[in-house]
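Reading through the structure tokens given below for one structure.
The values are calculated or read from the model by the stated rules, or taken from the named source; none is laboratory data. Source: prediction; values computed, not measured. Don't worry about glycine lacking a Cβ; one is built from the backbone with ideal geometry, like all the others, and counts go over all protein chains shown. Quick note on the areas: whole protein, heavy atoms, side chains included, nothing else; ligands and nucleic acids left out. Shrake-Rupley method; radii C 1.70, N 1.55, O 1.52, S 1.80 Å.
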Amino acid sequence: MKKSELTVQIMLGGPSKRMGTDKALVTLGGKTLLERAVDTWKDYGAGVQLSVGAPERKALAPAGTMAVADIYPDRGPLAGLHAGLRACATSWMLLVGVNFPFLTPAQADVLRDAIGDADACVYTLGGQPQPLFGVYRKRCMSYAETMMLNGDYDIHNLLGWVNTVYIPLEDAAPFRSVDTPADLEEAQHLI
């Protein structure tokens with residue numbers, strides 16, 4: 001797959017209860033997590049779109065960046081993936097959580113190169129899939145919708161329904177997430 005066949009979707013996350021404030025707007029190294037993510041991914045693929053969850057969060061999108069609200073509200077990342085696949089103009093989508101500021105385009109290249117004819121490609125850490133950084137084929141949209149209509153909102157379960165390539169990763173450092181004030185403080189020392 002060529003990069004031009006892939007849209008990057010940055011997942012802004014839900015209510016950020018553990019952070020105590022919207023994690024997309026917390027500052028790390030002089031930029032918000034959202035600004036860092038857009039800067040990292042803006043030149044990767046066919047463009048960037050934001051999964052904002054609720055429609056009222058569309059205002060968070062920087063100028064020129066499409067904001068995608070969930071069609072099925074309050075159903076977590078699976079709803080964001082579904083809405084994003086429906087909205088994107090490409091056959092493939094790279095999902096990136098805004099709370100993963102240490103992931104890079106080089107790591108996305110590995111996923112893109114490994115997916116082949118599969119529907120999804122994600123890394124695993126200690127045997128656990130990492131679905132919030134993965135490449136998904138557009139046809140995953142119908143599986144996600146069926147799952148949600150049947151009351152299953154777990155994005156991990158989607159990986160079992162579709163043909164998924166798993167790439168074991170030894171180094172967990174790129175997946176260091178910023179979900180709490182303590183995570184943010186620790187990340188500040190790494191930037």
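Taking the criterion of being part of a loop (DSSP other than H, G, I, E, B) and touching a helix residue (DSSP H, G or I) at 6+ places or on another chain (Cβ under 7 Å), the residues of the range 77-100 that qualify are THR90, SER91, VAL98, ASN99, PHE100. Taken over the range 38-61, residues that are open to solvent by less than 50 Å² (accessible area, probe 1.4 Å) and either of a type outside the set (Gly, Ala, Ser) or farther than 17 Å from SER16 by Cα (or both) amount to 12.
Would you check if there is a residue in the range 21-34 being in contact with a strand residue (DSSP E or B) (Cβ under 7 Å, 6 or more places away or on another chain) and open to solvent by 40 Å² or more (accessible area, probe 1.4 Å)? Reasoning before the result, please.
So the first thing to find is which residues in the range 21-34 are in contact with a strand residue (DSSP E or B) (Cβ under 7 Å, 6 or more places away or on another chain), and the list is 24-26.
Now narrow it down to the ones that are open to solvent by 40 Å² or more (accessible area, probe 1.4 Å): 25.
Scanning the range 21-34 turns up at least one residue that is in contact with a strand residue (DSSP E or B) (Cβ under 7 Å, 6 or more places away or on another chain) and open to solvent by 40 Å² or more (accessible area, probe 1.4 Å).
Return yes when GLY13 is assigned to a loop (DSSP other than H, G, I, E, B) and either touching a Phe, Trp or Tyr at 6+ places or on another chain (Cβ under 6 Å) or loosely packed, with under 15 Cβ neighbours inside 10 Å (or both) and no when it is not. Don't jump to the end; show me each part of the working.
Numbers: assigned to a loop (DSSP other than H, G, I, E, B): yes; either touching a Phe, Trp or Tyr at 6+ places or on another chain (Cβ under 6 Å) or loosely packed, with under 15 Cβ neighbours inside 10 Å (or both): no.
When the stated conditions are applied, GLY13 does not pass them.
Of all residues in the range 119-164 being assigned to a strand (DSSP E or B), open to solvent by less than 40 Å² (accessible area, probe 1.4 Å) and among the aliphatic types (A, V, I, L, M), which is farthest from LEU95 (Cα to Cα)? This residue is LEU125.
Filter the range 101-118 for residues that are open to solvent by less than 10 Å² (accessible area, probe 1.4 Å) and in a loop (DSSP other than H, G, I, E, B); which is nearest to ALA172 (Cα to Cα)? Please lay out each step first, then the result.
Step one: of the range 101-118, the residues open to solvent by less than 10 Å² (accessible area, probe 1.4 Å) are 103, 108, 111, 115, 118.
Filter once more, keeping what is in a loop (DSSP other than H, G, I, E, B): 103, 115, 118.
Details: LEU103: 10, ILE115: 21, ALA118: 24 Å.
By that ranking, first place goes to LEU103.
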